[in-house]
Amino acid sequence: MGVEVPTKYGGVGSTFFNCCLVIEELAKTDAAVSVMVDVQNTLVNTLLLNLGTEQQKEKYLPQTTSDLVSNSQS
């Protein structure tokens with residue numbers, strides 16, 4: 001999903017607050033999906049953005065913001 005990921009990596013480039021709103025809305029429908037989105041956006045993507053090298057960001061952030069199924073088939 002990549003709510004906070006900058007647009008140059010394929011993300012939305014939004015704020016943490018908006019990420020929380022997305023997760024809350026998803027939780028209204030399916031708590032498991034909201035937890036998975038929360039972990040990806042607030043842990044995985046944040047770690048890559050703050051601690052990853054530019055090469056790691058270019059390689060992994062677009063994958064976290066796109067459909068991984070289509071990426072694995074190409």
Margin query: Looking at (1) farther than 20 Å from Y9 by Cβ; (2) modelled with pLDDT under 90, which one does Q40 not meet, given that it meets all the others?
Written below: (1)
Notebook entry, point to check: Which of the residues that make up the stretch 11-39 are open to solvent by less than 50 Å² (accessible area, probe 1.4 Å) and either in contact with a Phe, Trp or Tyr (Cβ under 7 Å, 6 or more places away or on another chain) or not in a helix (DSSP H, G or I) (or both)?
Noted result: G11, G13, S14
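The values are calculated or read from the model by the stated rules, or taken from the named source; none is laboratory data. Since the model is a prediction, treat every value here as computed from it, not as a measurement. Using ideal geometry, Cβ is built from the backbone for each residue, glycine included, and neighbour counts are taken over all protein chains shown. When the accessible area is computed, the model is the full protein with side chains, heavy atoms only, and any ligands, DNA or RNA have been set aside. Shrake-Rupley method; radii C 1.70, N 1.55, O 1.52, S 1.80 Å.
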